[in-house]
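Novice: Questions regarding the structure given below will be posed in turn.
We did not get these values from a lab; they are worked out from the coordinates using the rules stated. These figures come from a predicted structure and were not determined experimentally. Here Cβ is always computed from backbone atoms with ideal geometry, including for glycine, and neighbour counts include all displayed protein chains.
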Amino acid sequence: MGRAMSIDKLEARAKQALGNRMFTELRKLIPHEDYNSPRALLGWLQMAASVDPRGAIRPGYLEAHSAVSELVAANDLRDKISRLYHDPKIVAEFGDKRDFWLRHPEALYEALIDSDGPGKALDTKLAYELTLVAREAADFSAEHGVAEPAIAQQPLPTSESGRAAEWKRLIAKSVTDEKLTEEESAHLKALGGHEAALEEVRRQSAMRTPPASGEFDKLISKSVSSKLTPAEEQRLQVLATDRATANGSIEAESSPPAPDDEFSNESEGT
């Protein structure tokens with residue numbers, strides 16, 4: 001990832017700066033294991049400055065202190081990102097989309113400060129911390145010239161549970177007053193069973209059979225607390241798609257002529 005590459009560059013910069021001959025005696029004092037700890041190296045530099053204040057204003061020292069300080073900040077940011085990435089509450093809220101947001105910290109920050117964006121199920125403290133880290137990561141990327149990948153389209157979840165959760169979210173949104181975006185409509189159509197549901201809606205529309213009142217809410221309620229039977233899953237898809245079609249969130253396609261009609265037309269023409 002871009003941030004990892006930037007940390008590698010910061011490590012190389014710090015190593016080069018500490019190789020300055022003005023640190024020859026200091027390097028003899030630093031234990032080998034401390035070279036793997038940027039914070040320990042910063043402590044050694046601060047100690048050297050207290051012993052030799054005049055040396056602390058020389059360009060070589062200033063460069064080393066700047067390089068090691070940036071490396072400390074980068075490692076701290078990486079540790080915070082890793083901790084939040086594996087936080088169970090964040091895993092539950094974002095699921096498979098964590099990798100997408102990890103690659104797009106600026107987009108994550110914008111989404112988090114949006115009142116209709118993701119993360120609303122997180123407690124206030126965790127949401128605030130995640131927002132700050134997203135901002136910090138975005139600033140780090142900008143400062144070090146790490147461009148975020150272009151956001152052509154957010155990927156669909158890869159796991160079955162993730163795809164099921166995304167389908168329920170989109171269906172729930174489609175039956176409210178909100179209209180699905182083009183991307184959301186494409187995702188809804190890409191999720192399993194949707195085309196079959198559309199076909200059932202077209203057949204029901206032709207028969208002018210409205211969905212039973214309250215049946216959708218009952219099935220949605222059951223799907224949250226327990227697993228639906230295959231027949232109930234299919235019925236829920238039919239009802240949900242019918243509602244989405246009725247409020248204009250998605251467009252129902254016109255039904256093709258029935259096979260018998262096609263045969264009759266051909267027969268009449270012969």
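Novice: What list do you get for Val68, Val133 if you sort them by fewest beta carbons within 10 Å?
Specialist: Fewest-to-most Cβ neighbours within 10 Å comes out as Val133, Val68.
Novice: What pairs from Lys168/Lys227; Lys97/Lys125; Lys97/Lys168; Lys125/Lys222; Lys9/Lys80; Lys80/Lys120 go past 24 Å between their alpha carbons?
Specialist: The pairs that break the limit, which is 24 Å between Cα atoms, are Lys125/Lys222.
Novice: In percent, what relative contact order does the range 2-75 have, based on Cα pairs under 8 Å that are 6 or more apart in sequence?
Specialist: 49 percent
Novice: Through the Karplus equation 6.51 cos²θ - 1.76 cosθ + 1.60, θ set to phi - 60°, convert the phi angles of the range 159-168 into ³J(HN,Hα) values in whole Hz; use x for Gly and Pro.
Specialist: 7, 5, 5, x, 5, 5, 5, 5, 4, 5
Novice: Would you please put 10-19, 45-54, 159-168 in order of how densely packed they are, using the mean number of other Cβ atoms within 10 angstrom per residue and starting with the highest?
Specialist: Packing order, densest peptide first, comes out as 10-19, 159-168, 45-54.
Novice: Right, next: Apply the Karplus parameterisation 6.51 cos²θ - 1.76 cosθ + 1.60, with θ equal to phi minus 60°, to every residue of the range 66-78 and state each ³J(HN,Hα) to the nearest whole Hz, in sequence, with x for glycine and proline.
Specialist: 3J(HN,Hα) across the range 66-78, in whole Hz: 5, 5, 5, 4, 5, 5, 4, 4, 5, 5, 4, 5, 4.
Novice: Would you mind classifying the range 58-110 by shape? Square roots of the alpha carbon gyration tensor eigenvalues, ordered a ≥ b ≥ c; an a/c under 1.5 is rounded, otherwise it is prolate if a/b is larger than b/c and oblate if not.
Specialist: prolate
Novice: Still on this structure, I have one more. Name the shape class, rounded, prolate or oblate, that the alpha-carbon gyration tensor gives for the range 86-143, where a ≥ b ≥ c are the square roots of its eigenvalues, rounded holds for a/c under 1.5, and otherwise prolate holds if a/b is larger than b/c and oblate otherwise.
Specialist: prolate
Novice: Using amide H atoms built 1.01 Å from N in the peptide plane, name the residues 5+ places from Asp87, or on other chains, whose amide H lies under 5 Å from its own.
Specialist: Here nothing satisfies the definition.
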